[in-house]
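Asks: One structure, as C-alpha cells, below. Some questions next.
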Amino acid sequence: KWGRMHREYLKEHKPIQYNCLLLSGKLWTYLADLNEQAQDRLDRIIEQMKIAEGITEALKASDPMAWVGAMNNIRVRAEEIIREELIFV
C-alpha cells in the first residue's frame, strides 16, 4: 500500500528521481523498504495513540462500538502522519 502510494508520488512529482531508481534497478527494493518502514511506524503510532487516549481491551469488552469508533479515528490520524512523514516527501 505505502510503496504504491510513494511510487505514484514519485512518478508525478519527482520524475527524475523515479527514472533514476527505475533505470538503476533499485526502485522495487527502495519501495519495499519504504513500505516496511511505513507499516512498522504505523503500528507504533497506533499503539502509542491507544495508550495516550486510554483505548483498552476493557473498553472493547464493555462498549465495542465506542472502541471501533476510537480505533478508526486513531487509524485515520496515524495514516495521515505516515503520508506526511514518509510517502509525500
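The values are calculated or read from the model by the stated rules, or taken from the named source; none is laboratory data. Note that the structure is a prediction, hence the values are computed from the model and not measured. Counting neighbours? That spans all protein chains shown, and the Cβs are built from the backbone with ideal geometry, glycine included. Ligands, DNA and RNA are excluded from the accessible area calculation, which covers all protein heavy atoms including side chains. Shrake-Rupley method; radii C 1.70, N 1.55, O 1.52, S 1.80 Å.
Asks: Based on DSSP H runs of at least 4 residues, each adding -39500 (n - 2.57), what is the mean residue ellipticity at 222 nm of the chain after dividing by all its residues, to the nearest 500 deg cm²/dmol? Mind dumping the intermediate values first?
Replies: Details: 5 runs with 74 residues, N = 89.
-27000 deg cm²/dmol, from helical runs alone.
Asks: Got a number for carbon plus sulfur as a percent of the chain's accessible area, 1.4 Å probe? Intermediate values should be presented prior to the final figure.
Replies: Details: 3380 of 5890 Å².
Carbon with sulfur: 57 percent of the solvent-accessible area.
Asks: Something else now. Between the alpha-carbon centers of segment 46-85 and segment 6-30, tell me the distance in whole angstrom.
Replies: Computed from Cα coordinates, the inter-centre distance equals 33 Å.
Asks: Rolling a 1.4 Å sphere over the protein heavy atoms, what is the accessible area per residue of the chain, to the nearest Å²? Don't skip to the answer; put the middle values down first.
Replies: On the way: 5890 Å² over 89 residues.
Value for the chain: 66 Å² per residue.
Asks: Could you state the angle between the C-alpha long axis of helix 2-13 and the longest principal axis of the C-alpha atoms of the chain, as a value from 0 to 90 degrees rounded to the nearest 10?
Replies: Its long axis makes an angle of about 50 degrees.
Asks: Okay, moving on. Give the total of Lys-Lys pairs in the chain with Cα-Cα distances below 23 Å; include a pair only if its members are 8 or more places apart or on different chains.
Replies: 7
Asks: Determine the dipole magnitude for segment 1-84: charges of +1 sit on the beta-carbon of Lys and Arg, -1 on that of Asp and Glu, nothing else is charged, the reference point is the Cα centre, and the result goes in debye to the nearest 20.
Replies: 340 debye
Asks: Hey, got a sec? Which chymotrypsin sites (Phe, Trp or Tyr not before Pro) in the chain land in a DSSP loop and have at most 16 other Cβ atoms within 10 Å? Before the final figure, lay out each step's value.
Replies: Details: sites: TRP2, TYR9, TYR18, TRP28, TYR30, TRP67, PHE88; in loops: PHE88.
Loop-located and lightly packed - PHE88.
Asks: Report, in cubic angstrom per residue, the convex hull volume of the C-alpha atoms of the chain.
Replies: On the way: hull volume 7.4 nm³, N = 89.
Measuring per residue, one finds 84 Å³ for the Cα hull of the chain.
Asks: Each residue of segment 19-27 in turn: what ³J(HN,Hα) in whole Hz from Karplus with 6.51, -1.76, 1.60 and θ = phi - 60°, glycine and Pro shown as x?
Replies: 5, 4, 5, 5, 6, 7, x, 9, 4
Asks: Towards the positive end of the charge dipole of the chain, with charges on Cβ (+1 Lys, Arg; -1 Asp, Glu), say which of TRP2, MET65, ILE46 has the farthest Cα.
Replies: Going by the charge dipole, the pick is TRP2.
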